Each structure stands twice: as C-alpha cells, then as structure tokens.
Amino acid sequence: MSSIHRIIRTSAVALGAAAVAAFAIAPAAQAGTNSSFIGQFSKIKTIASTVPHNGDVNPYGVAVVPSSVGSLVKGDVLVSNFNNAKNLQGTGTTIVQVSPGGQRTVFAHIRRSNLPGPCPGGVGLTTALGILPGGWVVVGSLPTTNGMSATAKAGCLLVINNQGQVAETIAGHGINGPWDMATVSGGSLAALFVSNVLNGTVAAGGATVP
C-alpha cells in the first residue's frame, strides 16, 4: 500500500460518465438559445488519436490531470484503452496522455507479467479511471482471453505511480469486474467507489465470477 495514500475500498454505484475519445468541441454561433447543454455545440475538431504504438483501441476511461507531477502534465487528459489491436474487448493494456495541443504519449503500458500483485485474469483496462493527489492513478481491469464476456475474470484495480509504473493491485474484497469508479480524496485518505459488472452473471450461474 502506498505510503502517501491509504485506499478505502468499497462498492457503490459509480458516478463517472462514459468515456469518449479526445475531442475539442466549439460552441455554436447561437449558443445559449438551446435549452440543453450539449445542444449549444455544433463543431467537432479531432485533437489526437488515442491509439498508441501497440494498436490498442476503444478508449474507455478519461480523466483530466489536475496538477503536474512526474510524467503527468496539468490539463492533459488520460485515456484508458479497453481493446487491443485486434479489437478484442478486455485486452487493452495502455493509458495514453493527450495534451490540449494534440500531443499523445503513452503514460502507462501495463503487462500482466510485471504486475506486483494479483489481478485475476490479467489486464483489460476499463472506464474506471481516476487520479488521486500526488499523481497516483487508479484504473480498473476487467480482463478476457478472447474478447468475449464468457471468458471475463474478476480482474482488479491497478494503482499506478506518477511515472506510469504499477505500484500495487487491489483484488478480491468485493472487486469483481470493476467497470466504473468515482473517487473522493481528503488529506492522506482516498475513497474509491467502484461499480462491478460480474456479480450474478448468467455464465457464473448467479454466483460471483472467480
């Protein structure tokens, strides 16, 4: 466990929104005349591709970097990829960092063989992505072997330092296919509210997926 943060593990309905690719949206000329928030935007400009050197696709989690520390740059956006180059779900292993100017770098490339702790099934990064004080990044893993839900395993939460290296894993204790996450930080404590997608599945006969 990190000496900077103690992580309180709990389960709840996640508050995070669905992830999207890195886009800049310009307001329409008639901004303010539409009653909906999204309705005031009409122009979409692509800033950068979120596909890194290994070909990972399907950007899921997004988080804006609040302050510069280590490899993290304030104002950049972290994006976790859920699929690999073959477009198989639950096999993505990269988190990319995109600047407002369109520069893309790989913040973390997570390999199962290098994990410091258990993560049942391996690595398949989800939309559960958050940044804690000090630049600690937490991302969910819901791995599959062939992109199909029938092979999905319980996975884990991966705690990554500000240099993009996995410092520890959080597995078991209610973590069962972590799909989304909201975080609250205060002082030296951080609370993670995690939603799971593998509890009571048909494949497991209503039981928890191992």
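The values are calculated or read from the model by the stated rules, or taken from the named source; none is laboratory data. For clarity, every value in this text was computed on a predicted model and none was experimentally measured. Cβ atoms come from the backbone with ideal geometry, glycine included; neighbour counts cover every protein chain shown. Heavy atoms of the whole protein, side chains included, go into the accessibility calculation; ligands, DNA and RNA do not. Shrake-Rupley method; radii C 1.70, N 1.55, O 1.52, S 1.80 Å.
Below are the figures for this structure:
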{"quantity": "Fraction of accessible area attributable to carbon and sulfur, the stretch 73-210 (%, probe 1.4 Å)", "calculated": "53"}
{"quantity": "Accessible surface ranking that places the most exposed of THR151, THR105 first, with a 1.4 angstrom probe", "calculated": "THR105, THR151"}
{"quantity": "Phi to ³J(HN,Hα) by Karplus 6.51 cos²θ - 1.76 cosθ + 1.60 over the stretch 101-114, Hz, x for Gly, Pro", "calculated": "x, x, 6, 10, 10, 8, 6, 8, 10, 9, 10, 4, 5, 9"}
{"quantity": "Ranking by accessible area, most exposed first, for HIS53, HIS109 with a 1.4 Å probe", "calculated": "HIS53, HIS109"}
{"quantity": "Under Karplus coefficients 6.51, -1.76 and 1.60, residue-wise ³J(HN,Hα) of the stretch 85-97 in Hz, glycine/proline x", "calculated": "5, 8, 6, 8, 5, x, 10, x, 10, 10, 10, 9, 10"}
{"quantity": "Trypsin sites (Lys or Arg not before Pro) within the stretch 86-122: DSSP coil, no more than 14 neighbouring Cβ in 10 Å", "calculated": "LYS86, ARG111"}
{"quantity": "Charge tally in the Cβ shell below 15 Å around GLY121, where Lys, Arg are +1 and Asp, Glu are -1, GLY121 excluded", "calculated": "+3"}
